[in-house]
Amino acid sequence: MSRFKKGLSKETPEISTSSMPDIIFMLLFFFMVTTVMRETEMIVNVTAPIAENVQKLEKKSLVSYIYIGQPREEKLGTESRIQLDDAFANVGNIREFIAKEREARDEADRPFLVTSLKVDSDTKMGVVSDVKQELRKVGAFKINYSTRKKVVRK
Amino acid sequence: MARSKKTPGLNASSMADIAFLMLIFFLMTSTMNVDTGIMRILPPPLPEDIEVPDINKRNIMNVLISSQDRLLVNRKPGDIKTLKNDVIEFMSIHPNDPNYPEVTSRDVPLLGKVPTSKGIISLKNARGTSYEMYIKVQDELASAFKELRNKLSMEHFGKKYSDLIDEEQINAIEKALPVRVSEAEPVNIGGN
């Protein structure tokens, strides 16, 4: 009898953890590849409006962002301001900004640059119109009004 | 004497910890939001000395959003709920009807000769219009054009425009039914 009992120890065998680093590494690589680091710190509040017919913005590297909204710091007032990169800006700065964005891209990619307008829904159109007029003058014709997708409940 | 010549194995038990640390860092910093939005192409600036071409009045549908976020469609008060259907009706093909835009036929690859409407939606806004309302109107216009394209696509390819996969078919539909929304020069009306 003892012959059979020998192999059956009552303790549960330990789970091998030697493959854990591999699994973790796999997860790690997944996040490393998908991650997009936020480059700019928001100094204006932007809550994008909701729309139904939205398109995905592809090729993130070809997108430059213009933020318009109320300043986060309350003492700066409630009037909508333009944020380019990390600082407040005026309409006049857009020309410079677009030129810089173009300079940073490969020459072959420059015609495909898209300007994404991230505008708060409470903003008045006056500022947005000014920005659009300036973009027209600079020749950045492709724009994207950033919106959230409406969740359709059925 | 007792020394073995083999190099001792590297202790790899801390590798998991290092990998965990990095994983947690990337987990925290990653943002997985997909940017979505409404794509539009701005018109090139007009040279100052050029005369604005005279477009036949029947070809234009004027949509104006006032600073109180009210709609004026062809100088009559409009409603955002009916705007989509108004646009669809305006842009559909009505040959030889003077109340609707002119119709020309265009040669489009894959589709052959297609009658296309010469209608243009002219979208104007005041400086005091809220962005939210403006996007709502843009969205309605986009859905109107989407519906028209779906219809045309159903007639020719038996599939909805949004379900088309073939690049050439998509291009053909886009060419036959371009989104003709003119974001007009801003007018200073209604104050801020």
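No lab work stands behind these numbers, since they all come straight from the coordinates. Fair warning: this is a prediction, and the values are worked out from it, not measured in the lab. Methodologically, a virtual Cβ is constructed for each residue, glycine included, from the backbone with ideal geometry; neighbour enumeration extends over all protein chains shown.
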PRE reach from B:Lys175 (point 7 Å along Cα→Cβ): which of region A:94-115 fall under 11 Å by backbone N? none
Who wins for biggest fluctuation among B:Thr36, B:Thr82, B:Thr116 in a Gaussian network model of chain B, springs between alpha carbons below 10 Å? B:Thr36
Just to check I understand the Karplus step: with θ = phi - 60° and J = 6.51 cos²θ - 1.76 cosθ + 1.60, what whole-Hz values come out for region A:100-113, glycine and proline as x? 5, 4, 5, 4, 6, 9, 5, 4, 5, 8, 4, x, 9, 4
Using the Cα gyration tensor of region A:107-154, with a ≥ b ≥ c the square roots of its eigenvalues, what is the shape: rounded (a/c below 1.5), prolate (a/b larger than b/c) or oblate (neither)? oblate
Using a 10 angstrom cutoff on alpha carbons, build the Gaussian network for chain B and name the most mobile of B:Tyr131, B:Tyr100, B:Tyr161. B:Tyr131
Any idea how far apart B:Asp97 and A:Arg95 come out in nm if each label point goes 7 Å out from Cα toward Cβ? 4.8 nm
Based only on other Cβ atoms within 10 Å, what is the fewest-to-most ordering of B:Thr129, A:Thr115? A:Thr115, B:Thr129
With Cα coordinates, the longest principal axis of chain B makes an angle with the long axis of helix B:167-176, in degrees rounded to 10, of 30 degrees
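Using DSSP loop states and a limit of at most 16 other Cβ atoms within 10 Å to flag trypsin sites (Lys or Arg not before Pro), what is the longest stretch of chain B containing no flagged site? Please list the in-between numbers first.
Numbers: sites that count: B:Arg3, B:Lys5, B:Lys6, B:Arg70, B:Arg75, B:Lys118, B:Lys159, B:Lys160.
Value returned for the longest uninterrupted segment is B:7-69.
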Please identify, among B:Pro45, B:Pro178, B:Pro95, the residue showing maximal mean-square fluctuation in a Gaussian network model of chain B using a 10 angstrom Cα cutoff. B:Pro45
Taking θ = phi - 60°, what integer Hz values does the Karplus form 6.51 cos²θ - 1.76 cosθ + 1.60 yield along region B:120-127, in sequence order, with x for Gly and Pro? 10, 8, 9, 9, 10, 9, 7, 5
Pop a pseudo-label 7 angstrom from the Cα along the beta-carbon direction at both B:Lys57 and A:Asp86 and give the gap in nm to one decimal. 5.7 nm
B:Gly78 long-range amide H proximity, modeled H, under 5 Å: B:Leu71, B:Leu72, B:Val73
Across every pair of different alpha-carbon atoms, what Kirkwood hydrodynamic radius in Å does the protein assembly as shown reach? 24.4 Å
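What's the extension gain from A:Glu107 to A:Met20 if we count 0.36 nm per residue and subtract their Cα-Cα distance? Show your work: numbers first, answer last.
On the way: separation 87, 0.36 × 87 = 31.32 nm, distance 4.48 nm.
Fully extending the segment from A:Glu107 to A:Met20 adds 26.8 nm.
Sum -39500 (n - 2.57) across every DSSP H segment of at least 4 residues in the protein assembly as shown, then divide by the residue count to get the 222 nm mean residue ellipticity, nearest 500. List each step's numbers first, then the result.
Numbers: 8 runs with 109 residues, N = 346.
So the helix-based figure for the protein assembly as shown works out to -10000 deg cm²/dmol.
Averaging sequence separations of C-alpha pairs under 8 Å and six or more residues apart, then dividing by the length of chain A, give the relative contact order as a whole percent.
Numbers: 181 pairs, mean separation 41.8, N = 154.
It rounds to 27 percent for chain A.
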For helix A:20-34, report the angle its Cα long axis makes with the longest principal axis of the Cα atoms of chain A; keep it between 0 and 90° and round to the nearest 10°. 10 degrees
Place a point 7 Å from the Cα of A:Ile50 along the Cα-to-Cβ direction; which residues of region B:78-104 have their backbone N under 14 Å from it? none
Average partner chain C-beta neighbours within 10 Å, per residue of A:56-69? 1
Distance (nanometres) between label positions extended 7 Å along Cα→Cβ at B:Thr82 and B:Met154: 2.4 nm
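Stick to Cα atoms and the Kirkwood definition of Rh, then tell me Rg/Rh for region A:44-149. Before the final figure, lay out each step's value.
Numbers: Rg = 13.8 Å, Rh = 14.3 Å.
Computed over Cα atoms, the ratio is 0.96.
Taking DSSP loops as anything outside H, G, I, E and B, show the longest stretch in chain B free of GluC sites (Glu not before Pro) there with at most 13 other beta carbons within 10 Å. Let's see the in-between values first.
On the way: sites that count: B:Glu48, B:Glu51.
Here the longest run is B:52-192.
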Along region B:77-93, what does the Karplus equation 6.51 cos²θ - 1.76 cosθ + 1.60 (θ = phi - 60°) give for ³J(HN,Hα), rounded to whole Hz, x for Gly and Pro? x, x, 10, 5, 6, 9, 4, 4, 5, 4, 5, 4, 5, 5, 8, 5, 7
Could you give the length gained on full extension between A:Lys60 and A:Thr78, defined as 0.36 nm per residue of separation minus the Cα-Cα distance, in nm? 3.4 nm
In degrees rounded to 10, the 0-90 angle between helix B:131-157 Cα long axis and the longest Cα principal axis of chain B is 80 degrees
For chain B, shape from the Cα gyration tensor axes a ≥ b ≥ c, cut at a/c of 1.5 then a/b versus b/c, turns out prolate
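Calculated FRET efficiency, A:Glu11 and B:Asn11, Cβ-Cβ r, R0 30 Å, to nearest 0.05?
0.70
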